[in-house]
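K.L.:
To start, I am sharing the structure in question, which I have written as structure tokens.
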Amino acid sequence: MAESLAAHEVPLVGDFSQDTPDNALAGVRVGVITFPGTLDDRDASRAVRLAGGTPVPLWHDEANLHDVDAVIVPGGFSYGDYLRAGAIAAKAAVMSKVVEAAQASENPLPVLGICNGFQILTETHLLPGSMIKNDHRKFICRDQTLRIENNQTFWTSDFEAGQDIVVPLKNQDGQYVADAKTLEVLEAENRVVFRYVDVNPNGSRNDIAGISNERGNVVGLMPHPEHAVEPCFGPSSSGFGTVGLRGGADGLGVFTSVLNKLVGA
Amino acid sequence: MSEKKFNLDTVEHAAATPDTELPWAELGLKENEFEDVKKILGRRPTAAELAMYSVMWSEHCSYKSSKVHLKQFGAKVTDEMKKDLMVGIGENAGVTNIGNGWAVTFKIESHNHPSYVEPYQGAATGVGGIVRDIISMGARPVAVMDPLRFGAIDHPDTARVLPGVVSGVGGYGNSLGLPNIGGEVEFDECYQANPLVNALAVGIMRHEDIRTANASGTGNKVILFGARTGGDGIGGASVLASESFDDTKPSKRPAVQVGDPFAEKVLIECCLELFKGSVVEGIQDLGAAGISCATSELASNGDGGMHVDLTKVLLRDPTLTPGEILMSESQERMMAVVTPANLNRFEEIMEKWDVEYSVLGEVTGSGRLTIEWEGEIIVDVDPKTVAHDGPTYERPYARPAWQDELQADKFIGSSADDARPTGAELGEAIKAFMAAPNMCSKSWITNQYDRYVQGNTALSMPDDSGVIRVDEETGLGVALATDSNPRFTRLDPYEGAKASLAEAYRNVATVGARPVAVSDCLNFGSPEDPDVMWQFAEAVRGIADGCMELGVPVTGGNVSLYNQTGGKAINPTPVVAMMGVMDDVTRRTPSGWAPEHDGQALYLLGTTGDELDGSEWARYKGHLGGLPPKVDLAAEKLLGDMLVNMSRDGMIDAAHDVSAGGLAAALVEGCLRFGVGARVGLGEVAERDGVDTFTLLFSESLGRVVVSVPRSEEVRFKDMCTARNYPFARIGVVDAESNALAIQGEADIDLDELREAHEGTLARHFGEVAPS
């Protein structure tokens, strides 16, 4: 078992982070935070491992990043979405360290927020705007096409600009909203990183699925690239699918991007 | 607290006041049962004891009407069937060895009545309850499934019940991080005012992590942890008012429990950490009958006794009486037995996860379950008499007088069999049929469930089974299907139950998994009605005989009786959940052909007889009568074996079971799975089977599967079918160019039009969500 698991003991059946291949990428340590109510932490860790990196579990209550090179704030229902999705988690001890490191003037920490993680990042104001209930007011799980609008961020550099990918989307509070000025700035500065294609599944402004901060080290998105990292277990596995049987690993590029970027840096 | 809130009915007081009137009838006990309680105790029960016996001896907890029949599940088994069974019937859930040191536990339960009263919370706590059963075995829950049955789709009350149930299943399961990988949805007016909400959960563990519910080791601590105890779910709360002094206390409490999935998610992780550190000796979830059930079951499964101080229970509502505390069904609670040496470690884990707990008492050598309240003994019983020695009834049953008439009312020749469409009409008819409530796509529902979380879902709806990876290194995993055909079961309960079993077996094999274990949820009307009791007895006999023939053991399940409104029972609904094992889930076979399968040959395995009675076409035309299709379990077993081998050896790339809606539905669903068309010619096979094209398309004969075979594999495929002597016929070819299902000489059905018809029905009735 990788040494990195010792940071805190995750109660598991089985092991999601077997030893990673011995190469440069394996030296990249990517922290994955667990809050009470986090659901997709094991999946995010698996995605890091499949991309070639080393996942490091981080515990919400510990103000310590354990020397990780990047952080993923995974999806789920932290604190049961009570008060407001992401609002309580944003105040966790570990998040104060994430915010500090993400805003460092030199070598700012790459941070990815997925779904509830995106909500948490907006609550910490690392990213602007916020998420409200889907316009149809129901939980929705679907295979969603996204356009990579900006491939200059830490988390999208392995994609082509304008490339379309299909990853699962699953949420209840996924409607991205921001005031007109913020939207204008996001568009003008090319900070809309992912945009919904074909179907806007929740009423998000400007079909926005994911955005970045000014420097491109912090990215948040509602859909789940960590659920599209292995053929057979991604979008091709279900639904009245239009994704081919051997597809389903489009999300892996998000995780290889940050590893390659950090190794190259 | 110095002020006494109620007259405490102590054991001493009960012995001294034998003639005190007790509300046993209001609590649901029959007079003979109350007399039995007095005989067991040698005195009248205290109010608290009465509460315990009444809930534990209820139909729901004691299986008093059903257990004489359920015994067959334990009797009709061979040693061969038991070889992989690690924990059998009687524990919270059965456990099956799937190899490589892995074990799987799964169980299906009902939450029918609460879901009618309060659809959202009823369905949500149904998921919560079954998941806690799985945790209690020491397993990490990895998936859920929900077979749901509602009244007529256009009945106003269905518009209240269905969206609430679906939101409840999703709201709870999604928040727990459990993929929902399948189930069933049926609409039938027999479920009006009595919807069926069944919930299945499956969990995985290493062999050494299996836990059971027993309290052993004198001096070990008994600890209640999780949510606080409140007044929710106390069915008979009002009758316990006789205990109360105080008129100002809250009296009307909800009889339906309220769920908090966040608390349960934390409880799951916290329990897994307890198991991992071997911190608990025994564990039991709190479900029906709450603390009454947990204490009496833990104590009677152990080797000694138990003493509990009820004043130590952490309460949400401080006005609760001891009887109410014992009966409360507040959710998200667990009870553990912990050695004094492990107590510190236990406390650390509780603190890490911010879970509240209190040490209620300890395991004793007395052989008795004693409960005290403010220093006085209010319960002193032999725990086995509460948990296991409830009453047993041999309810009278008899074949209903109307059964012959029902069976004589064949579809063929009935007024419903008025027009058998052919040619272009057939195309239109198939489109309309595939939009009917029971044939339409259920994606409106399943798209409100998370099917991806945990990253191990290899298949889910609309495929024949849900498939979950267990071992990431080898790809070892399980497939699960739930099936019931209540219409067949009404026509012939014995054969109908067997047909439901056969379908579940076939669905598991169709995705490529070897069926290994069964759990069942038996939903029936009132056991006091001899007609219903006959249906029940016949269905149980059918499942037990069928399991023996298929060589697959029943590992547990649940019985739900009294499903009837106004004297009219539901169609007998035995839901069979089948679990299968796959060595490598990446070899799973989906239910339709993909673009890369263009040009592959489509084969139909099995033969079609004139079996339209009880079919979906008959329902579509408003008819229910006749005899269900013949069940040949030896053939099903052979077919299953072939499908598993074909999948493993790469002989087939798609396979879809032919069941509800017949071959017509199987072909449509096969095309729509990936939006890829097909050309079929049915003349030859119709001639072989001696039926017309219409019958070939809509009959629901069992033992049939449509498969897509790569050209390079056709010889091997045919050789295998020939060698096994299983009927097969080439019926067509995958046609990725056409965007149509073309039935030669009859109709060309455009896939876009088909999809629109098939997908649109639920949204039209219950409102648009985002397109699927």
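The values are calculated or read from the model by the stated rules, or taken from the named source; none is laboratory data. These figures come from a predicted structure and were not determined experimentally. Cβ: placed from backbone, ideal geometry, glycine included. Neighbour counts: every protein chain shown.
K.L.:
Considering each residue of the stretch A:186-215, count those that are within 14 Å of another protein chain (Cβ to nearest Cβ) and touching a strand residue (DSSP E or B) at 6+ places or on another chain (Cβ under 7 Å), and give that number.
P.N.:
Our first condition is that a residue be within 14 Å of another protein chain (Cβ to nearest Cβ); within the stretch A:186-215, this holds for A:196-204, A:207, A:209.
Those still in the list that are touching a strand residue (DSSP E or B) at 6+ places or on another chain (Cβ under 7 Å) too: A:196-198, A:201-204, A:207, A:209.
Residues meeting the conditions: 9.
K.L.:
In addition: Which of the following residues is buried (at least 20 other Cβ atoms within 10 Å of the Cβ), over 18 Å from B:Arg140 (Cα atoms) and touching a residue at least 40 places away in the same chain (Cβ under 8 Å): B:Leu343, B:Leu326?
P.N.:
Answer to the check: B:Leu326.
K.L.:
If I go through the stretch B:434-473 residue by residue, how many of them are within 11 Å of chain A (Cβ to nearest Cβ), out of contact with any strand residue (DSSP E or B) (no Cβ under 9 Å at 6 or more places or on another chain) and part of a loop (DSSP other than H, G, I, E, B)?
P.N.:
3
K.L.:
Does the stretch A:124-137 contain any residue that is at positive phi, within 14 Å of chain B (Cβ to nearest Cβ), crowded, with 24+ Cβ neighbours inside 10 Å and not polar (S, T, N, Q)? Walk me through it before giving the result.
P.N.:
Applying the first criterion (at positive phi) to the stretch A:124-137 yields A:125, A:129, A:137.
Next, only the ones that are within 14 Å of chain B (Cβ to nearest Cβ) stay: A:137.
Now restrict to residues that are crowded, with 24+ Cβ neighbours inside 10 Å: none.
No, because not a single residue in the stretch A:124-137 is at positive phi, within 14 Å of chain B (Cβ to nearest Cβ), crowded, with 24+ Cβ neighbours inside 10 Å and not polar (S, T, N, Q).
K.L.:
Additional query: Touching a Cys at 6+ places or on another chain (Cβ under 8 Å) and either at pLDDT 95 or above or not in a helix (DSSP H, G or I) (or both): which single residue out of B:Val518, B:Val508, B:Val540 fits that description? Show your work before the answer.
P.N.:
Numbers: B:Val508 fails: touching a Cys at 6+ places or on another chain (Cβ under 8 Å); B:Val540 fails: touching a Cys at 6+ places or on another chain (Cβ under 8 Å).
Exactly one of B:Val518, B:Val508, B:Val540 is touching a Cys at 6+ places or on another chain (Cβ under 8 Å) and either at pLDDT 95 or above or not in a helix (DSSP H, G or I) (or both), namely B:Val518.
K.L.:
Restricting to the stretch A:165-193, name every residue that is part of a strand (DSSP E or B) and in contact with a helix residue (DSSP H, G or I) (Cβ under 9 Å, 6 or more places away or on another chain).
P.N.:
Scanning the stretch A:165-193 gives A:Ile165, A:Val166, A:Val167, A:Pro168, A:Lys170, A:Asn171, A:Gln175, A:Tyr176, A:Val177, A:Val192.
K.L.:
Just to verify a result, which residue in the stretch A:62-90, among those that are surrounded by fewer than 21 Cβ atoms within 10 Å (Cβ to Cβ) and facing another protein chain (nearest Cβ under 8 Å), is farthest from the chain's Cα centre (by Cα)?
P.N.:
In this case the residue turns out to be A:Tyr82.
K.L.:
Looking only at the stretch B:88-128, which residues are touching a Phe, Trp or Tyr at 6+ places or on another chain (Cβ under 7 Å) and surrounded by fewer than 23 Cβ atoms within 10 Å (Cβ to Cβ)?
P.N.:
B:Ile89
K.L.:
So which residues in the stretch B:658-687 are closer than 16 Å to B:Met434 by Cβ and either part of a strand (DSSP E or B) or at the interface with another protein chain (Cβ under 10 Å from one of its Cβ atoms) (or both)? Lay out the reasoning, then the answer.
P.N.:
Kept after step one, since they are closer than 16 Å to B:Met434 by Cβ, are these residues of the stretch B:658-687: B:658-673, B:675, B:677-678, B:680.
If the condition is that a residue be closer than 16 Å to B:Met434 by Cβ and either part of a strand (DSSP E or B) or at the interface with another protein chain (Cβ under 10 Å from one of its Cβ atoms) (or both), then B:Glu669, B:Leu672, B:Arg673, B:Gly675, B:Gly677, B:Ala678, B:Val680 are the ones that fit.
K.L.:
Taking the stated definitions as given, is B:Trp617 part of a loop (DSSP other than H, G, I, E, B) and either within 14 Å of another protein chain (Cβ to nearest Cβ) or buried (at least 21 other Cβ atoms within 10 Å of the Cβ) (or both)? Give the derivation first.
P.N.:
Numbers: part of a loop (DSSP other than H, G, I, E, B): no; either within 14 Å of another protein chain (Cβ to nearest Cβ) or buried (at least 21 other Cβ atoms within 10 Å of the Cβ) (or both): yes.
Criteria not met by B:Trp617.
K.L.:
Quickly run through the stretch B:570-605 and pick out the residues that are surrounded by 23 or more Cβ atoms within 10 Å (Cβ to Cβ), part of a loop (DSSP other than H, G, I, E, B) and either among the acidic types (Asp, Glu) or away from every other protein chain (no Cβ under 12 Å) (or both).
P.N.:
Passing the criteria: B:Ile570, B:Asn571, B:Pro572, B:Gln600.
K.L.:
Name the residues in the stretch B:298-347 that are of a type in the set (Gly, Ala, Ser), under 27 Å from B:Glu269 (Cβ atoms) and over 33 Å from the mean Cα position of the chain (by Cα), would you?
P.N.:
Selection gives B:Ala341 alone.
K.L.:
Follow-up. Cβ-Cβ distance below 9 Å, separation of 6 or more or different chains: which pairs start in the stretch A:84-96 with a residue that is β-branched (Val, Ile, Thr) and end on one that is surrounded by fewer than 17 Cβ atoms within 10 Å (Cβ to Cβ)?
P.N.:
A:Ile88/A:Tyr82; A:Val94/A:Asp61; A:Val94/A:Glu62; A:Val94/A:Ala63; A:Val94/A:Asn64
Conditions tested, residue by residue: (1) part of a helix (DSSP H, G or I); (2) in contact with a strand residue (DSSP E or B) (Cβ under 8 Å, 6 or more places away or on another chain); (3) touching a residue at least 40 places away in the same chain (Cβ under 8 Å).
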position	(1), (2), (3)
B:Leu8	no, yes, yes
B:Ala15	yes, no, no
B:Leu27	no, no, yes
B:Asn32	yes, no, yes
B:Lys38	yes, no, no
B:Leu50	yes, no, yes
B:Cys61	yes, yes, yes
B:Phe73	yes, yes, yes
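K.L.:
Could you say whether any residue in the stretch B:139-147 is surrounded by fewer than 20 Cβ atoms within 10 Å (Cβ to Cβ), touching a residue at least 40 places away in the same chain (Cβ under 8 Å) and not aromatic (Phe, Trp, Tyr)?
P.N.:
Within the stretch B:139-147, none of the residues are surrounded by fewer than 20 Cβ atoms within 10 Å (Cβ to Cβ), touching a residue at least 40 places away in the same chain (Cβ under 8 Å) and not aromatic (Phe, Trp, Tyr).
K.L.:
Would you check which residues across the stretch B:76-88 are over 22 Å from the mean Cα position of the chain (by Cα), assigned to a helix (DSSP H, G or I) and touching a residue at least 40 places away in the same chain (Cβ under 8 Å) and list them?
P.N.:
Taking the stretch B:76-88 first, the residues over 22 Å from the mean Cα position of the chain (by Cα) are B:78-80, B:83.
Then drop every residue that is not assigned to a helix (DSSP H, G or I), which leaves B:79-80.
Selection gives B:Glu80 alone.
K.L.:
Take the conditions away from chain A (no Cβ under 14 Å), modelled with pLDDT under 95 and at positive phi and apply them to B:Gly567. Does it pass? Working first, answer last.
P.N.:
Values: away from chain A (no Cβ under 14 Å): yes; modelled with pLDDT under 95: yes; at positive phi: yes.
Judged against the criteria, B:Gly567 is a match.
K.L.:
Separate question: In the stretch A:44-71, which residues are over 20 Å from A:Phe154 (Cα atoms) and acidic (Asp, Glu)? Full working, then the answer.
P.N.:
First, the residues of the stretch A:44-71 that are over 20 Å from A:Phe154 (Cα atoms): A:57-64, A:66.
Result: A:Asp61, A:Glu62.
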